[in-house]
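The values are calculated or read from the model by the stated rules, or taken from the named source; none is laboratory data. Please read all numbers here as calculations on a predicted model, not as lab measurements. Cβ atoms come from the backbone with ideal geometry, glycine included; neighbour counts cover every protein chain shown.
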Amino acid sequence: MANNSVLGLFIDENDAGDALSALRKAKYQDNEFEIMTGSPYPHGTFGEAHPKIKLHRFPIFGAVIGFTVALIITVGTQLAYPLVTGGKPILSIPPMLVIFYEMTLLFAVIVTILGALFESRLPKIFMGAYDERIMTEGYIGVVVTVPKDRISKAEDILKKSGAESTKRGWEE
Amino acid sequence: MQEHQHLSDKEITDDLVAPVMRSDRWFWSVVGFLGFLMIVGLSGYVYELYSGLGVTNVSRPVYWGAYITNFVFWIGISHAGIMVSAILRLTQAEWRRPITRAAEVLTLFSLIAALSNILFHVGRPWRIYWITPLPPVFIGFDFARGIWPNVRSPFVWDPVAVGTYLLSTILFIYTCLIPDIALVRDKVKSGPAKIIYSVLALGFRGTPRQWKVQAVAPILLSSLVLPIFVSVHSIVSWDFAVSIAVEGWHSTIFAPYFIIGAIHSGVSGVVTLMAGLLWLYKLDKYIKPDHFDAVGRLLVIVATIWFLALFLEWVYALYPLEDPEIALRNMQVFQTPWSYLGLIFLLTGFIIPVGAWCFKSVRRSPMWMFFTTILVNIGMWLERFLIIVPGLSRRTELSFNWGSYSPSLVEMGLVTFTFAFVICGVIVFARIFPLIPPFDLKEGMRFRHVIKVGKKNISAVVRE
C-alpha cells in the first residue's frame with residue numbers, strides 16, 4: 001500500500017538527532033522514520049535504531065549449495081560417460097576436491113552478494129521522498145513515511161527541529 | 001601515520017567525481033592510442049584465426065610460448081589487486097581507503113587480459129565452451145561433442161578457478177561500488193547516463209541499514225575471496241607442476257612460489273597504477289607519500305620471501321643431482337639467450353628495486369616507485385618466460401626435436417594488446433566510476449583527528 005512520506009534535510013548532525021527524538025515524542029514509531037546520509041556515520045549518531053542484519057549466515061547457505069552443485073557436476077558427468085583415462089579411477093577424489101573447493105567458494109560469494117542486496121532492501125524501484133544533496137553535499141535526510149493524515153504533523157516536527165527544507169513524496 | 005588534511009564531504013565529492021563528470025584533454029588521445037594498439041594486436045588475431053596457429057612461433061618441442069607466459073603474468077598481476085584490497089579491509093588498515101578500488105579494478109582487467117591469452121593460444125577458440133559441463137541437449141548443432149570435461153585434467157581446474165575468481169571479483173567490485181554509483185547518479189542531471197546510473201545504483205539511499213551492509217559485506221567477501229586468490233595461482237602452477245614430463249616444472253614448491261611471485265608482481269602493479277592515477281587525476285590530496293612508503297615496505301618483505309622461494313626452487317631442483325634437471329639448469333645459466341635474460345630478470349625483478357626500496361626517499365617518491373615497480377614487472381614477465389620456454393626447449397635423451405623459441409610478430413602484437421587493454425580498461429573505468437571511493441574517504445575523514453602533544457600536532461584515527 002502506498003504511503004505518503006516527507007523528507008527533512010539537515011546540515012547539522014545534532015539537529016537531525018533532535019528531529020528523531022521529537023518524532024518519537026510525538027508517538028511516531030521507529031519503523032515510520034529513517035535517516036539517510038551520503039556516507040557512513042557511527043551507529044547511534046542520530047539516536048537511530050540499530051539495524052539488525054544477518055549477512056554472516058548467507059555464505060554458509062551458499063557454500064552448501066556450491067558443494068552440492070560441484071558434487072553433482074563432477075560425479076554426474078564422470079558417471080554419465082565413464083571413460084577410463086590414464087588408468088585412473090572414474091571418480092578420482094583428489095582432482096574432484098579442486099572443483100569442490102572452487103564451486104563452494106563461488107556459490108558462497110554469489111549468495112553473500114544476494115544476501116547483501118536483500119539485507120540492504122535493494123533493489124528499490126521507487127526512491128520515495130529523496131534529495132540528491134544527501135549524496136552530493138553531505139546533507140542528512142530524515143524521511144517519515146506515514147498515512148496521509150499524519151504527514152503534515154511530521155513535516156512540522158522536521159521544520160521545528162531545524163530542517164533546512166522539506167520535500168514530500170510517497171513510498172510503497 | 002597519515003598527514004592530516006581535513007576535507008569536507010563536498011570537497012571530496014567534487015574532487016573524486018570530477019574525472020567522471022568531465023573528459024580531460026589527454027583522455028581521448030590516450031584512449032585513441034591504446035585503441036590503435038589494440039586494433040593492431042587484434043588484427044594479428046584475425047590473421048591467426050584465418051591461418052591457424054602456424055603464424056605463431058610455437059612448434060615442437062616448445063608448444064607454450066608468449067601467450068602462456070602472458071597468461072601467467074596477468075593472472076599474477078590480478079592477484080595482488082584483490083589481495084591488497086582484501087587484506088587491508090580485513091585488518092581495517094586506514095591507509096587502504098584511497099587504493100582499494102584501484103587495486104580491485106586492476107584485478108578485473110588483468111583477469112580478462114589473462115583469459116584472452118587462452119583464446120589466443122588454443123587452435124579452435126570457437127570450441128572453448130567444451131570446457132563447461134553444458135549438456136549436449138543445449139547445443140544440438142554441435143555433433144562433435146559427445147563427452148564431458150575431464151575433471152582429472154588441470155586444464156579443467158584452471159578455467160573453474162579463474163572463472164570463479166573473475167565472477168567473484170566482478171561481484172565484489174560491484175557491491176562496494178553501489179554507494180558511489182548512487183553518488184554519480186545524483187551528480188548527473190539528466191539524460192541516458194542518469195538512467196543507467198539509476199539502474200546500476202539499485203535505488204541506494206544511504207540508510208543506516210544499507211551502510212551497515214556496506215561495512216560488513218566487503219569484510220565477508222574479502223574473507224571468501226582470499227582463499228580463491230590463493231587457490232587460483234596454485235592451480236595455475238599445477239598446470240606445470242603436475243606434469244612429470246618437464247623437469248623444470250615438476251616441483252612441489254611451485255604453488256607457493258607462484259603465489260608469492262604473483263603478490264610481488266601484483267603489488268608492484270598496484271603501485272604503478274597509484275602513481276599513474278596520482279599524475280593523471282591530480283590526486284595528491286588523497287594518494288600521499290605515506291601510501292607509497294607503506295606499500296614499499298610491504299614490497300620489500302614480499303620480494304624477499306619471493307626470492308627465498310626462487311632460491312629454494314633451485315635448491316630442490318639441484319639437490320638430487322639428477323642429470324636432466326642439471327642439464328636444464330645448466331642451459332638456463334650458461335647458454336644464451338637464457339643467461340642474459342636470467343640476468344635481466346634477477347636485476348629487474350629483485351636486485352635493483354629491492355635495493356632502491358631500502359631508501360625511504362625512494363619509497364616516498366611516486367616517480368621512483370613508478371619506475372622501480374615497472375622494473376619488477378619486466379622481471380616477472382621474464383621469470384614466467386624463463387620457466388616455460390627453457391623447460392620445453394631442453395635437449396633430452398632420445399629426443400629428435402631440438403629447438404628454441406622466440407615470439408612471432410603476431411604473438412608480440414597480442415601481448416601488446418593485453419597491456420593496452422588493461423591500461424585502457426582502467427582509464428575508461430575511471431571515466432565511468434570513481435576510482436577512489438568517495439564514501440570511504442568521507443567516513444575516514446570523519447574519524448580523523450589531530451591530537452596536540454606539547455607543541456606537536458599528531459594526526460590520529462579514531463576507530464569505532
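What the table below lists for this structure:
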read-out	value
Neighbours by Cβ (under 6 Å, 6+ apart or cross-chain): first from segment A:61-84, under 16 Å from A:LEU106 (Cα atoms); second exposed (fewer than 14 other Cβ atoms within 10 Å of the Cβ)	none
Selection from segment B:337-356 of residues that are closer than 13 Å to B:PHE307 by Cα and surrounded by 17 or more Cβ atoms within 10 Å (Cβ to Cβ)	B:PHE345, B:THR348, B:GLY349, B:PHE350, B:PRO353, B:VAL354
Filtered residues of segment A:118-131 (kept if more than 7 Å from chain B (Cβ to nearest Cβ) and farther than 16 Å from B:ILE196 by Cα)	A:PHE118, A:GLY128, A:ALA129, A:ASP131
Test for B:SER234: is it out of contact with any His (no Cβ under 6 Å at 6 or more places or on another chain), closer than 30 Å to A:PHE46 by Cβ and in contact (Cβ under 8 Å) with a residue 12 or more places away in the chain	no
Residue among B:PRO136, B:PRO154 that alone is at the interface with another protein chain (Cβ under 9 Å from one of its Cβ atoms) and modelled with pLDDT under 90	B:PRO154
Among residues of segment B:415-432, those that are surrounded by 19 or more Cβ atoms within 10 Å (Cβ to Cβ) and of a type in the set (Ser, Thr, Tyr), counted	1
Some residue of segment A:79-89 being touching a Gly at 6+ places or on another chain (Cβ under 8 Å) and either loosely packed, with under 14 Cβ neighbours inside 10 Å or more than 12 Å from every other protein chain (Cβ to nearest Cβ) (or both)	yes
Odd one out for B:ILE181 among (1) without any contact (Cβ under 8 Å) to a residue 60 or more places away in the chain; (2) within 23 Å of A:ILE35 (Cα to Cα); (3) assigned to a helix (DSSP H, G or I)	(1)
Long-range neighbours under 8 Å by Cβ, at least six apart or interchain, first residue farther than 16 Å from B:LEU308 by Cβ within segment B:257-270, second modelled with pLDDT under 95 and outside any helix (DSSP H, G or I)	B:VAL270/B:ILE99
Residue match in segment B:60-74 (condition: within 14 Å of chain A (Cβ to nearest Cβ) and aliphatic (A, V, I, L, M))	no
Wholly within segment B:245-345, helices (runs of 4 or more DSSP H) carrying at least 2 residues that are under 30 Å from B:LYS360 (Cβ atoms), at pLDDT 90 or above and among the hydrophobic types (A, V, I, L, M, F, W, C)	B:254-281, B:289-318
Segment A:25-43 - residue that is more than 13 Å from chain B (Cβ to nearest Cβ) and surrounded by 14 or more Cβ atoms within 10 Å (Cβ to Cβ) and, of those, farthest from the chain's Cα centre (by Cα)	A:TYR28
Qualifying positions in segment B:14-31 - exposed (fewer than 11 other Cβ atoms within 10 Å of the Cβ) and without any contact (Cβ under 8 Å) to a residue 40 or more places away in the chain	B:ARG22, B:ARG25, B:SER29
Near pairs, Cβ below 8 angstrom, 6+ apart or cross-chain, from segment B:347-369 (among the hydroxyl-bearing types (Ser, Thr, Tyr)) to any residue that is part of a helix (DSSP H, G or I)	B:THR348/B:LEU375; B:THR348/B:VAL376; B:THR348/B:ILE378; B:THR348/B:GLY379; B:THR348/B:LEU382; B:SER361/B:TRP368; B:SER365/B:PRO289; B:SER365/B:PHE292
In segment A:137-167, residue surrounded by the most Cβ atoms within 10 Å (Cβ to Cβ) [restricted to those that are under 23 Å from B:PHE204 (Cα atoms) and hydrophobic (A, V, I, L, M, F, W, C)]	A:VAL142
Answer residue from segment B:194-222, given it is of a type in the set (S, T, N, Q) and at pLDDT 90 or above and is farthest from B:TRP157 (Cα to Cα) among those	B:THR207
Scan of segment A:34-51 for residues that are among the charged types (D, E, K, R) and part of a loop (DSSP other than H, G, I, E, B), ordered by number	A:GLU48
Those residues of segment B:390-414 which are surrounded by 14 or more Cβ atoms within 10 Å (Cβ to Cβ) and at pLDDT 90 or above, in sequence order	B:PRO407, B:SER408, B:VAL410, B:GLU411, B:MET412, B:GLY413, B:LEU414
Search result, residues across segment A:44-55 that are at the interface with chain B (Cβ under 7 Å from one of its Cβ atoms) and either touching a Pro at 6+ places or on another chain (Cβ under 8 Å) or more than 24 Å from B:ILE181 (Cβ to Cβ) (or both)	A:GLU48, A:PRO51
Any hit, segment A:123-136, residues being buried (at least 16 other Cβ atoms within 10 Å of the Cβ), touching a residue at least 60 places away in the same chain (Cβ under 8 Å), under 29 Å from B:ILE12 (Cβ atoms) and β-branched (Val, Ile, Thr)	yes
Condition check for B:THR164: within 7 Å of chain A (Cβ to nearest Cβ) and surrounded by 23 or more Cβ atoms within 10 Å (Cβ to Cβ)	yes
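Residue-by-condition table, conditions (1) polar (S, T, N, Q); (2) more than 8 Å from chain A (Cβ to nearest Cβ):
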| site | (1), (2) |
| --- | --- |
| B:THR169 | yes, yes |
| B:PHE172 | no, no |
| B:ILE181 | no, yes |
| B:VAL188 | no, yes |
| B:PRO192 | no, yes |
| B:PHE204 | no, no |
| B:GLN214 | yes, no |
